[in-house]
Each structure stands twice: as structure tokens, then as C-alpha cells.
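J.: Dropping a structure here in C-alpha cells format, bear with me for questions.
The values are calculated or read from the model by the stated rules, or taken from the named source; none is laboratory data. The structure presented is a predicted model; accordingly, all values stated were derived computationally and were not measured. We place every Cβ from the backbone using ideal geometry, glycine too, and count neighbours over all the protein chains shown. Accessible surface is based on the protein model in full, side chains and every heavy atom, while ligands, DNA and RNA are left aside. Shrake-Rupley method; radii C 1.70, N 1.55, O 1.52, S 1.80 Å.
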Amino acid sequence: LCQAPLVRAQEQGRRFVASALAWVQGPGDYLNGYRYYLNRQIALAKDFDADCRAITGQKRPVITLISQSASQGVAYRRPVPLAQLEASMRSAFIVLADGMKVHVDAASTRLMGAYLGLALKRTLIDGKKWRPLMPSNIEVQGRVIYVRFNRAGLKIDTTLVPEQPQYG
């Protein structure tokens, strides 16, 4: 993935530096299990970084942006999205751009692209590893669930969804 653009840039008398790879896939390999997917995702990002740096001679790391996948139905399993989340937390080369989605349509694809771009900007230009919206703390007290998120200022939309007692 880095060789062809490098050759093309050299033919034009330009310099080529790889910054990121956007890796988007579905959860079809969930049967292999959590550890398998986690280890493969981390290895992929590490190998891509090492290969691109060896080909281009650059010192700057190459990050792998991932878009979290989900599944639904009778065989619903969560090993892939959870492994993607952990991979982004354990690897400096992996940035999780956005949260889980199922069967992406055209509008969702545009939104996913926007999140990939935002994660790329925040990571490469702003110098801060991007984290998508996610719970930072969850407590269950009887029939009440308290969820704290990693972003301040969130509000429950009561214009599209009618307000419910205790917000449902």
C-alpha cells in the first residue's frame, strides 16, 4: 500500500509520506473469538506501520484508523467491536474513529467518513489521540443505571424522542 504511491511521487519528483490507513470491515470473523481478532488487529496496524516506514524511510509513525463494527440478529456476538475498542486502547498505532453501526447505508457511510476525517485531524494535526463517544463509568443501583460518558455537555434529545419519566 505504500510502495505504489512512493514510486508515483518519485516519478513526479515529489516526496511521499504515509500518514494513515483507514481500515473498515464487518464483524464476519466473530467466530474466531475476541483474542484472535484483538491480536490480529494490533498485528495488522504494527506491520503496516513497520512496512510503510521501511519502504518510505520516514520516521513518523503510520496510524491505522478503524471504524467500529457491530452485528445483530440471532447470532449477535460482540467480540469484534469489543476487540476493536481494546486494540485502540492498547496500541499507539490504532485510532478508533467512531462507534458501532450495523449494515451501513449511504448516509451512514458519509457520517463514518466524517468521523474518520475528524479522528485523523485530531490525531495527526492536533497531536491528541482521538477517542469516540463512549461510557467512562457505569453504575447499576437497583433498577437505575447511571452512565457517565467521556464527553461533557451531553443532553438527551426530547424533540425527536418524547421525554419519558427518568428518561426511560
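J.: Which of the numbered conditions does residue 130 fail, given that it passes all the others? Conditions: (1) assigned to a loop (DSSP other than H, G, I, E, B); (2) open to solvent by 90 Å² or more (accessible area, probe 1.4 Å); (3) among the aromatic types (Phe, Trp, Tyr).
T.: Looking at each condition in turn, residue 130 falls short on (2).
J.: Of everything in the range 54-99 that's of a type in the set (D, E, K, R) and open to solvent by 70 Å² or more (accessible area, probe 1.4 Å), which residue is modelled with the lowest pLDDT?
T.: Filtering first and then ranking leaves 77.
J.: Residues of the range 133-157 being among the polar types (S, T, N, Q) and open to solvent by less than 60 Å² (accessible area, probe 1.4 Å), which ones?
T.: Listed by number, the list holds a single entry, 150.
J.: In the range 15-69, which residues are of a type in the set (Lys, Arg) and outside any helix (DSSP H, G or I)?
T.: Taking the range 15-69 as the starting set, the residues that turn out to be of a type in the set (Lys, Arg) are 15, 35, 40, 46, 53, 59-60.
Answer for the range 15-69, where residues must be of a type in the set (Lys, Arg) and outside any helix (DSSP H, G or I): 15, 59, 60.
J.: So, one more: Can you run down the residue pairs with Cβ atoms below 7 Å, 6 or more apart or on separate chains, where the first is in the range 137-166 and farther than 18 Å from residue 99 by Cβ and the partner is among the aromatic types (Phe, Trp, Tyr)?
T.: 139/146
J.: Something else about it: Find the residue count for the range 82-127, including only residues that are closer than 15 Å to residue 61 by Cα and among the β-branched types (Val, Ile, Thr).
T.: Count: 4.
J.: For the range 2-14: of the residues being of a type outside the set (D, E, K, R), at negative phi and not in a helix (DSSP H, G or I), which is most open to solvent (accessible area, probe 1.4 Å)? Even if it seems obvious, please write down each step before you answer.
T.: So in the range 2-14, the residues of a type outside the set (D, E, K, R) come out as 2-7, 9-10, 12-13.
Subsequent filtering for residues that are at negative phi retains 2-7, 9-10, 12.
Within this subset, residues satisfying the condition of being not in a helix (DSSP H, G or I) are 2, 12.
Working: 2: 4, 12: 116 Å².
Checked the range 2-14; the qualifying residue most open to solvent (accessible area, probe 1.4 Å) is 12.
J.: Just the residues that are in contact with a strand residue (DSSP E or B) (Cβ under 7 Å, 6 or more places away or on another chain) and open to solvent by 70 Å² or more (accessible area, probe 1.4 Å), please, taken from the range 107-127.
T.: The one that is in contact with a strand residue (DSSP E or B) (Cβ under 7 Å, 6 or more places away or on another chain) and open to solvent by 70 Å² or more (accessible area, probe 1.4 Å): 115.
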